[in-house]
Structure formats: C-alpha cells, structure tokens
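Student: Supplied in structure tokens, the structure appears directly below.
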Amino acid sequence: MNKELEHQFVTNLERHQNIAHKICRIYTNNQDAHNDLFQEITIQLWKAYPKFRSEAKFSTWMYRVALNTAITLYRKKKRSIPTQDFDTVDFKIKAEEYDDETEQQLKVMYAAIQELNDIEKALVFLYLEDKNYRDISETLGITEVNARVKMNRVKTKLKNILNP
Amino acid sequence: MDGLDLLKKDWKKRESSLPHLSYNQIYQMLWKRSSSIVKWIFVISIIEFLFWALITVFMADHEYWEEMERIHLKEFTVATYVINYGITFFFIFCFYKNYRKISSTDNAAQLMKNILRTRKTVKYYIGYILISTALVALIYTYFMMDYHISSTTVEDIEKYSFTPLQWLMFAVIMIGGLAVFLGLIWLFYRVIYGILLRRLNNNYKELKKLEV
C-alpha cells in the first residue's frame, strides 16, 4: 500500500476516531481492553480500506467495520476484568447540571448496558448514535421489523433494570 | 423522560471526554498484529488439513507397502490414497473459496454466516476423515482375517481358526475400539469448536432470532 493511501486513511480515522472510542466504551469495561479493541478496529479498518474508496462516506463505512470487529472479529484477551472499573474509569466525568437522582439513574443505566449481550449492545449503540431503523437493520443484516422488535425488548429490559 | 433518551442526551455530552489519539499513534497501530478470530480460524484450519494430509504420508513407509503387498491390498491402498487426496483438495478449494468471502464490510449477519460456513467446511472434512478411516479400517481388518485364514495350512486349521463366539468377540472388540478412538477425536473437535466459536454462534443465533 502506498504512502498516499496510508496518509489518507490515518487522516480520516483521526477525524472520526470518536466512533471507535464509543464502541470500545460500550463493549469494554477497562482501559486496557478499550485500547486493545481500538487497535483491532484500526487494523480491521486498514485491511478493509482498499475496498472503501468507491463508497460514499467514511463514517458510515466505519460504523459497519468497527461494529463487526467488536461483535464478531475481536477475540478478547484473557485477563481478569474488575467490574467496578466501569464506575471509576468511565463515569469519571460528573455532569454538573444533573441532580443526584438523575446522575444515579445514569450510572445504573451505564452499568445495565454492560450486562447486555453483544447484539443488544450494538442496538443500543446505534440508537444512541441517532441511527434510524433502516440504518440499524442494514448494519446488522436483519429486517427492519426485527430491529424494531429487538430494540423494544432492549428498552423493556433496561426499564426493568432501572425500576425493578 | 425515558431512560434511554436520558442516556442519549448524556451520551452526546460525553463525547468531549473520549480519548483522542494523535496521527502518529494511529499510524503506529496499522502495523500491529491482528488477533481476529478469522486469523485464528485460518491458522487452525490449515493445521488440520496439513495434519491429516501428512499423517497418511508418514504412516506409509517401505514396510507398510510390503505388508500391503503381502495381503494383496496394495492396489486398494493406492486407490484410497488417490481418492483421499482428491477429496482433500476439494475440501481445501471449498475452504479457500468460503474464506475469501469473509469481509468486514458486509453486514454483521452476513459476516457471521460466512465465517461459520468457512469453519463448517473444515468440520465436514473432519467428519469425512473419521468416516473414511472407519470404513478403510474395517476393510483392512476383513482382508487381514481373510489372509490369515487362507494362509493357515489345513493341518492346523483346527488350532488356529476362531470359533463363532471368538469371531463375534473379535468383531465387537475391533468395532468398539475403533468407535472409541474416533469418538475421542470427534469429542476433541467439539471442544475446539466450542471454545473457538461459542461467542460467534450465540451472536448469530441472537441476531437471527425472530427473523422470518
């Protein structure tokens, strides 16, 4: 691969790296795992990049490859993962305009998302990213109806966790 | 406010707290080694193909061929080798074709399907190996017995030939031993598959659940 292509790719990825970081945030619960997954996403994006150029938007393409990496391609390294890390690392920013109750609720929500399975996490992620059901169904390769039904189930599941 | 909507609002706010890697940090990552499951599957599959293809070569030394000639099975053995290698190449061809189809730019379901299909090719190959080994082993046993009987001289036939009960016991031991041996290999494979593909299988099922 030539230098021009490398430069183009790294510039694009640097600009859109938030997408990958957000996926890492959903799928991992400590900094090491976050870095590992981010690296694997970068490698997979780079490997797939020659096929990208004919397509339209880097970010749209990136959502797909990055999610595929998190759900399917990435093999978690074996190491003990302390579950409380999520609280300490990921919830470190305190949203000042929230009252304590809302903040507590958010904390529980983020913890609840960690309990979801890989597919449910993908649904939540795409929902939080403002993707419509058509985008969701195309990214995951399921029908729109199925995407809606699954999303509703996740919502109910999260609601139940919040209000037991 | 719905829990997820609240989360969505917060999610956007948190973008500012995400890590930010520099151009150079990202550039360094391009050359790191991937630890993707597809790579693992590829390596393990190649090892399996090589193992089974080479084991027959190493087994067949000069003495082996002499023995085959003695019991009049040389032609049969050559024929099974030719057929076996033909079928192995067919499986490798299918494996390679399916492997090439795996693309991270496909949708999630398609990607999972292609990976599982690639792995299935190897699974069928192992199935073929086990069944053909069993068949060939039975045929060899039959011919060896046959040779044993025909080469025993008439005088000592009473002394050497088996009674029906002995025959039955011999057959049971042979088939039972073979079944245990092949069963163990099969079990070993189930364990490898279980470890390697459990997450992928579960995700694929979860994704395809409710799909008409």
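Student: What list of ³J(HN,Hα) values in whole Hz, one per residue of region A:18-23 in order, does the Karplus curve 6.51 cos²θ - 1.76 cosθ + 1.60 (θ = phi - 60°) give from phi, with Gly and Pro shown as x?
Tutor: 4, 4, 5, 4, 5, 5
Student: For A:LYS3, give me every one of the lysines with a C-alpha distance below 29 angstrom, ignoring sequence neighbours fewer than eight places off in its own chain.
Tutor: A:LYS22, A:LYS47, A:LYS51, A:LYS57, B:LYS32, B:LYS39, B:LYS101
Student: Across all directions of projection, what mean area in square nanometres is found for the Cα convex hull of region A:3-73?
Tutor: 4.5
Student: Still on this structure, I have one more. On the first, second and third principal axes, largest extent first, how far apart are the outermost C-alpha atoms of region A:95-162 in Å?
Tutor: Here the Cα extents, ordered largest to smallest, are 40, 22, 16 Å.
Student: For region B:4-117, what are Rg and Dmax over the alpha carbons, in angstrom?
Tutor: Calculated on Cα positions, Rg and Dmax stand at 25.6, 82 Å.
Student: Also: In whole percent, what relative contact order does region B:73-146 give with Cα contacts below 8 Å and a gap of six or more residues?
Tutor: Reported relative contact order: 30 percent.
Student: If we count other beta carbons within 10 Å of each Cβ, what is the order of B:TRP167, A:TRP61, fewest first?
Tutor: Sorted ascending by nearby Cβ count, the order is B:TRP167, A:TRP61.
Student: Quick one: putting +1 on the C-beta of Lys and Arg, -1 on the C-beta of Asp and Glu, what dipole do you get for the protein assembly as shown around its Cα centre, in Debye to the nearest 20?
Tutor: I would put it at about 1260 debye.
Student: Oh, and also: Return one number: the angle in degrees, 0 to 90 and rounded to the nearest 10, between the long axis of the Cα atoms of helix B:164-208 and the longest principal axis of the Cα atoms of chain B.
Tutor: Orientation of helix B:164-208: about 10 degrees from the principal axis.
Student: Along the charge dipole of region A:95-162, pointing to its positive end and built from +1/-1 on Cβ of Lys, Arg, Asp and Glu, which listed residue (A:LEU140, A:LEU106, A:LEU123) has its Cα farthest out?
Tutor: Farthest along the dipole direction, towards plus: A:LEU140.
Student: What angle do you read, to the nearest 10 degrees and between 0 and 90, between the alpha-carbon axis of helix B:108-151 and the longest principal axis of chain B?
Tutor: Helix B:108-151 and the main axis of chain B meet at about 10 degrees.
Student: Can you give the Rg to Rh ratio for the protein assembly as shown, taking only C-alpha atoms and Rh from Kirkwood?
Tutor: That ratio is 1.16, to two decimals.
Student: While we're looking at this one, here's another question. With a 10 Å Cβ neighbour count serving as the proxy for reagent exposure, in which order, fewest first, do B:SER45, B:SER132, B:SER150 appear?
Tutor: Ranking B:SER45, B:SER132, B:SER150 by Cβ neighbours within 10 Å, fewest first, gives B:SER150, B:SER132, B:SER45.
Student: What 222 nm value per residue comes from the helices of chain B, counting each DSSP H run with n ≥ 4 as -39,500 (n - 2.57) and dividing by all residues, nearest 500 deg cm²/dmol?
Tutor: Calculated mean residue ellipticity at 222 nm is -28000 deg cm²/dmol.
Student: Given that compact globular proteins tend to follow 2.2 N^0.38 Å, what is the ratio of the alpha-carbon Rg of chain B to that value?
Tutor: 1.63
Student: Per-residue Cβ counts within 10 Å, from other chains only, averaged over A:125-138: what number is that?
Tutor: 2
Student: Could you state the per residue volume, in Å³, of the convex hull enclosing the Cα atoms of region B:56-150?
Tutor: Convex hull of Cα atoms, per residue: 83 Å³.
Student: Using a Förster distance of 30 Å, how high is the FRET efficiency between A:LEU5 and B:PHE93, based on the Cβ-Cβ distance and rounded to 0.05?
Tutor: The computed FRET efficiency comes out at 0.40.
Student: How high is the relative contact order of chain B, given as a whole-number percent (alpha carbon pairs under 8 Å, six or more residues apart)?
Tutor: Averaging sequence separation for qualifying contacts and normalising by length gives 21 percent for chain B.
Student: A follow-up question, please. Pop out the ³J(HN,Hα) list for region A:124-130 in order, Karplus 6.51 cos²θ - 1.76 cosθ + 1.60 with θ = phi - 60°, rounded to Hz; leave Gly and Pro as x.
Tutor: Once rounded to whole Hz, the list reads 4, 4, 5, 5, 5, 8, 6.
Student: Determine the relative contact order of region A:95-162: mean sequence separation of Cα pairs under 8 Å and six or more apart, normalised by residue count, in whole percent.
Tutor: RCO, region A:95-162: 36 percent.
Student: While we're looking at this one, here's another question. Enter the mean number of other protein chain beta carbons within 10 Å of the beta carbon of each residue in B:14-21, as an integer.
Tutor: Going residue by residue through B:14-21 and averaging, the value is 6.
Student: So how tilted is helix B:37-59 from the main axis of chain B? Cα-based, degrees 0 to 90, rounded to 10.
Tutor: 10
All of the numbers you see were taken from the coordinates with simple rules; none came from a lab. On a predicted model such as this, the values are computed, not experimentally measured, just so you know. Using ideal geometry, Cβ is built from the backbone for each residue, glycine included, and neighbour counts are taken over all protein chains shown.
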